[in-house]
Amino acid sequence: MANRNNARSLDLFFERLERNTTYPDLEIVVVDDDSVDSSLEILRRWRDSGRFREFTLIELERSGVQRSLNAALEATSGELIVALDGDATVETPGWLETLVDFQTGDPRIGTVTGAIEFDDGRVQGYGATLVAPEGAHGRGVKPTEPAGQRTAHERTTRPRPDEIEHLFHPAEVDSAMGPCMLYPRELAIEIGGYDTGFSPVWFDDLDFSVAVRRLGLKNFFVPVRVIHWIGARYTRDDLGPAQMLAVRLRSAAGRIIPARAKPWIWSAAGFDRIPPERWERYLHHYDYWRGKWGWDFINPDMDDLLGRWGDTEIGWAYDPAMRAAGEEIVASYERASAPAAPPRSRSDSGASTR
């Protein structure tokens, strides 16, 4: 885990991690990216508590999430890596067994990700969709701007989990999501780790997942629930007092306004206004993505994209054979994880007794 200024959620993060993790062979590596809140005090307390058998804390000068994650990779010894966010908590007991069992079930699997939901009860994404006419968005959510005319990837609807319950089962996805993603350590090394061109933060998970597909592997979603704590996320120093007030007002209004009306109301009220520093970072990342992968992150030219990547796993969703391979992997996992049928009794067999 890379951490910067997540003090408000770190205790909850570790408490839920301890409570819901039953996997026996686990090491924790946290890299703090020069936090200026009380993160280090909290991290040192958890390291020294003995509540986790192996806990390594690395303290760096500020270098960005990507470099922090790369430093964590270098410090790990496990064959499998789970990247987690300090402002997101794993809520499903036995979550790690689920991720590991799925990933190790087939050599064609690269990453496995969970169900990322916000603490207000809305969905961030059950995996991410990257190769689609409407551009990048969380799987299960919908962009609020027309395809080809989008301005920012974050402008999407946020459905409730019950509204997309049909997606809450194992499935192939374009991309994993950063708050919870598992992959082999050797795969991360082969890719070259996280691309620091996206420093200091964001897009590292999506870029990593596309790199996995470029190597011919696949990404999958499994129903492991992860809560992304918005309150902690919006205390970061790229939000000023006005934006913090907008977040609080939006959260309060969101409890009473119908979901379908929210995008237009948010826009009219200015709640979807992006702070200048974050907007500048988005523009950089969009440009860097275009230069690296050859398509527009939010307004892709699908003919050009598929002409470039359609015969690779990046374009899997548009290739029947690749889709069928992913479905086969899911079906095999579901067969293997299905509970065994109870043995039939003599009375079930149809034999008569006297």
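The values are calculated or read from the model by the stated rules, or taken from the named source; none is laboratory data. Not measured: the values here are computed from a predicted model. Counting neighbours? That spans all protein chains shown, and the Cβs are built from the backbone with ideal geometry, glycine included. Each accessible area value is taken on the protein alone, full model and side chains, heavy atoms only, with ligands, DNA and RNA left out. Shrake-Rupley method; radii C 1.70, N 1.55, O 1.52, S 1.80 Å.
Structure data summary
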{"item": "From Thr104, Thr156, residue being in contact with a Pro (Cβ under 7 Å, 6 or more places away or on another chain) and of a type in the set (Val, Ile, Thr)", "result": "Thr156"}
{"item": "Those residues of the stretch 201-229 which are open to solvent by 30 Å² or more (accessible area, probe 1.4 Å) and either at pLDDT below 95 or in a helix (DSSP H, G or I) (or both), in sequence order", "result": "Arg214, Trp229"}
{"item": "The stretch 296-321, residues that are hydrophobic (A, V, I, L, M, F, W, C) and surrounded by 20 or more Cβ atoms within 10 Å (Cβ to Cβ)", "result": "Phe297, Ile298, Leu305, Trp309, Ile314, Trp316"}
{"item": "Helices (runs of 4 or more DSSP H) contained in the stretch 270-342 and holding at least 2 residues at pLDDT below 95 and closer than 14 Å to Ala152 by Cα", "result": "276-293"}
{"item": "Strands (runs of 3 or more DSSP E) contained entirely in the stretch 79-185, each with at least 3 residues that are within 22 Å of His285 (Cβ to Cβ) and either polar (S, T, N, Q) or in contact with a strand residue (DSSP E or B) (Cβ under 8 Å, 6 or more places away or on another chain) (or both)", "result": "109-118, 180-184"}
{"item": "Residue among Arg155, Arg150, Arg108 that is buried (at least 20 other Cβ atoms within 10 Å of the Cβ) and of a type in the set (Lys, Arg)", "result": "Arg150"}
